[in-house]
Amino acid sequence: MPITLVVAANNERLLQNNLLASPGLSEIRQFDQLLVQENFASAANAYNDALEKSHNDLVVFAHQDVYLPERWISDLMLALSYLERSDPQWGVLGCYGVTANGLRYGRVYSAGLGVIGAAIEHPTRVQTLDEIVLVLRKSSGLGFDSQLPGFHFYGSDICLRAAARKMNSYAMPAFCVHNTQMNPTLPPEFYHCYRHFKKQWRRSLPVHTSCITVSRFDLPFYARRLRETYIAHVRGTKAKSTRLPSPREVLEGLPEQ
């Protein structure tokens, strides 16, 4: 199945050493379409632009610091085959997601945390998906919120947009490495995006995301802000890079996923 791979990039070295170094992309490089989206003010606008440019129906959106194992495309095809039988009108797929009651499905390796998420045998329905990898079909008519600022909550937003059209979102068994840098505090942009997302989906609250639960009275929001204030001003903890020098090495050192 032809695939268009999309990445919103702002760090060439990070992109080359992670996503574009992925053994799982050999088929895409040779036969399909790669769109590196640069200089966009938001992920939503970068991705909407890529949807218009895509030559293929199946579009994979991935972070620049994601590393896809050799069998990743095969795992994706198995997930699509399963959904073709069980839910051919599916909305969004991803590698890691959260259900409406807070359960986390899909196994991924996150730098600084290790392997996270519950193992699954087939695509499992979730409320939202983490943005590390998102898969959708151009023909579904789904698009990202062009008014959503920055680079947060667009994964949750596209899942709720799918749900509004009676399309389900799924975490799939397609293991990958997220070579992220874990920071003790989130940037102000995250909370700006939070407010926009909450206003947009106020009738759907609570919404469980991989980072925070968006709720009516913002209790998780304030709890996180208090924790970050303590970390920044009491403990004085500074951000330390948790990125892996070689995602291939950590992948080889993990048991079969």
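The values are calculated or read from the model by the stated rules, or taken from the named source; none is laboratory data. Note that the structure is predicted; figures quoted are calculated from it, not measured. Note: ideal-geometry Cβ built from the backbone for every residue, glycine included; neighbour counts use all protein chains shown.
A few remarks follow.
- The set of residues from region 1-52 being part of a strand (DSSP E or B) and more than 19 Å from the chain's Cα centre (by Cα) comprises just one member, Gln33.
- Residue that is nearest to the chain's Cα centre (by Cα), among those in region 151-195 that are hydroxyl-bearing (Ser, Thr, Tyr) and over 27 Å from Arg13 (Cα atoms): Ser156
- Among the residues of region 60-72, those identified as outside any loop (DSSP other than H, G, I, E, B) and closer than 17 Å to Asp157 by Cα are Val60, Phe61, Ala62.
- Residues of region 94-108 classified as surrounded by fewer than 22 Cβ atoms within 10 Å (Cβ to Cβ) and either more than 13 Å from the chain's Cα centre (by Cα) or assigned to a strand (DSSP E or B) (or both), total: 6
- In region 109-133, residue surrounded by the fewest Cβ atoms within 10 Å (Cβ to Cβ) [restricted to those that are of a type in the set (Gly, Ala, Ser), in contact with a Ser or Thr (Cβ under 8 Å, 6 or more places away or on another chain) and not in a strand (DSSP E or B)]: Gly112
- Residue within region 136-150 that is within 27 Å of Leu113 (Cα to Cα) and under 19 Å from the mean Cα position of the chain (by Cα) present: yes
- Residue list for region 82-93, filter: buried (at least 22 other Cβ atoms within 10 Å of the Cβ) and of a type in the set (Phe, Trp, Tyr): Trp90
- The listed residues are Leu142, Leu148, Leu136, and the only one of them that is touching a Leu at 6+ places or on another chain (Cβ under 6 Å) and not in a strand (DSSP E or B) turns out to be Leu142.
- Matching residues, region 173-197, being touching a helix residue (DSSP H, G or I) at 6+ places or on another chain (Cβ under 8 Å) and either under 30 Å from Ser74 (Cβ atoms) or of a type in the set (S, T, N, Q) (or both): Pro173, Ala174, Phe175, Cys176, Val177, Asn179, Thr185
- For region 151-177, the set of residues classified as out of contact with any Leu (no Cβ under 8 Å at 6 or more places or on another chain) and either surrounded by 24 or more Cβ atoms within 10 Å (Cβ to Cβ) or of a type in the set (Phe, Trp, Tyr) (or both) consists of Phe151, His152, Phe153, Phe175, listed by residue number.
- Helices (runs of 4 or more DSSP H) wholly inside region 156-253 containing at least 1 residues that are among the polar types (S, T, N, Q) and at pLDDT 85 or above: 188-200
- Whichever residue in region 109-130 is on the phi < 0 side of the Ramachandran plot and without any contact (Cβ under 8 Å) to a residue 40 or more places away in the chain and, among such residues, is farthest from the chain's Cα centre (by Cα): Ala118
- Evaluation of His55 against (1) assigned to a loop (DSSP other than H, G, I, E, B); (2) without any contact (Cβ under 8 Å) to a residue 12 or more places away in the chain (one fails), failing number: (2)
- Flag if Ser86 is of a type in the set (Ser, Thr, Tyr), farther than 17 Å from Pro173 by Cα and free of Cβ contacts under 8 Å to residues at least 60 places away in the same chain: no
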